[in-house]
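Undergrad: First, the structure itself, so that you have it in front of you.
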Amino acid sequence: MTDAYKFVLPLLILSILLAWMRVPYAALLFFVLAGFVCFFFRNPNRDIPEGTNLIVSPADGKVVKISQMGDGEQTISIFLNIFNVHVNRSPISGELEQLEYKRGQFKLAFDEEASRVNEQNILTITGQGIRIVVRQIAGLIARRVVCWKKPGYSLKRGELIGLIRFGSRVDVVLPGQVRILVKVGDPVRGGSSILGEYP
């Protein structure tokens, strides 16, 4: 993953230079940091559930909030700590209809206000008779939201769409007819955990 190389290579080079300069403890520190970055950017294989009316989680993490909105929509908020897998996946098969980048603050991703004021990518995905909005939200440590797809791209359920660096939050906005199958406190895995189903 090219995003990982940008961080890992400088750390490894520093580690090698410090070892050559006979500064072993500093060299070890940068080597350990390089290992953590590799761990952070991991992308494990996932079994994607079959079925035309299922919505899978776009991210690993824990469900921290499920809210009903005034217009009949409902939102599932997923918090990712620094130890979670941070690549994001499409919750349904369909077309990336719209991608909007919104500048903002870097409040703690666990804070409810983060969904409204933090830096984020807003992805609108339409397909199989449903429209879903996915918000990649940066947190206090995560200062970069990345989407690898462009509007008009045809997505498959569980396909990689981007990542958020170093701790973050993902909100999924669903139509009112979706039957939510998770509850607050549930751990979820991107691409494989089913968030809900719809008629």
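The values are calculated or read from the model by the stated rules, or taken from the named source; none is laboratory data. No experiment lies behind these values; they were computed from the predicted model shown. Glycine gets a Cβ as well: all are built from the backbone with ideal geometry, and neighbour counts include every protein chain shown.
Undergrad: Could you please let me know if I194 is surrounded by 15 or more Cβ atoms within 10 Å (Cβ to Cβ) and modelled with pLDDT of 95 or more?
TA: yes
Undergrad: Is it fair to say I122 is modelled with pLDDT of 80 or more, touching a Phe, Trp or Tyr at 6+ places or on another chain (Cβ under 9 Å) and either surrounded by 20 or more Cβ atoms within 10 Å (Cβ to Cβ) or of a type outside the set (D, E, K, R) (or both)?
TA: Criteria met by I122.
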